[in-house]
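To start, the structure itself, in structure tokens.
The values are calculated or read from the model by the stated rules, or taken from the named source; none is laboratory data. It should be emphasised that the depicted structure is a prediction, and the values quoted were computed from it without experimental measurement. So basically every Cβ, Gly included, is an ideal-geometry build from the backbone, and we count neighbours across all protein chains shown.
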Amino acid sequence: MKLFLFPTILLLFASLCSAQSPVGTWKTIDDETGQAKSHVDIFENNGKLFGKVSKLLLKPADTVCDKCRDDKKNKPVLGMILVDNLYYKDGFYQGGSILDPNKGDYYKCSLWLESGDPNVLNVKGKHWTGLSRTQKWYRIR
């Protein structure tokens with residue numbers, strides 16, 4: 001009985017821990033229209049979080065970042081890393097950046113799961129001027 005109970009408890013604990021992670025695919029929402037805009041895959045690499053566009057919902061798949069001013073200029077948005085180098089500290093992920101491909105601007109980024117709902121991700125972008133906005137992204141199951 002003990003041999004069966006221990007692995008069962010271990011699996012349950014592991015599934016609860018993974019449910020509290022932002023790693024996964026998230027649906028983004030357009031601030032102005034309220035429409036689903038894209039899917040972003042959040043993944044971990046060397047202890048940091050990154051986010052890559054895996055699907056565009058409002059624009060053609062061959063859309064490029066024509067407003068970007070760096071090495072992403074005129075590169076496809078699909079497959080592009082938008083969320084970059086976030087690390088976990090003080091209860092949320094922070095210290096990295098997020099790119100708005102519609103404007104070509106980067107913002108300081110932090111993100112955290114909605115309290116009591118691991119299927120809602122709060123994504124905050126902060127401009128160098130101090131202005132910020134927070135979006136809610138929704139986990140795709």
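General observations
- Number of the exception - G125 against (1) under 13 Å from the mean Cα position of the chain (by Cα); (2) farther than 17 Å from V23 by Cα; (3) surrounded by fewer than 18 Cβ atoms within 10 Å (Cβ to Cβ); (4) not hydrophobic (A, V, I, L, M, F, W, C): (3)
- Count of region 71-111 residues which are of a type in the set (D, E), in contact (Cβ under 8 Å) with a residue 12 or more places away in the chain and either under 15 Å from E44 (Cβ atoms) or out of contact with any strand residue (DSSP E or B) (no Cβ under 9 Å at 6 or more places or on another chain) (or both): 1
- Selection count where residues are under 20 Å from R139 (Cβ atoms) and in a loop (DSSP other than H, G, I, E, B), scope region 44-71: 2
- Of residues in region 72-111 being assigned to a loop (DSSP other than H, G, I, E, B) and within 17 Å of Q20 (Cβ to Cβ), the one farthest from the chain's Cα centre (by Cα): D90
- For region 112-125, the set of residues classified as outside any strand (DSSP E or B) and in contact (Cβ under 8 Å) with a residue 24 or more places away in the chain is empty.
- Among (1) within 22 Å of N46 (Cβ to Cβ); (2) loosely packed, with under 15 Cβ neighbours inside 10 Å; (3) not hydroxyl-bearing (S, T, Y), the one test that A61 misses: (1)
- Index of the failed condition, Y88 passing every other in (1) at pLDDT below 95; (2) surrounded by 12 or more Cβ atoms within 10 Å (Cβ to Cβ); (3) of a type in the set (S, T, Y): (1)
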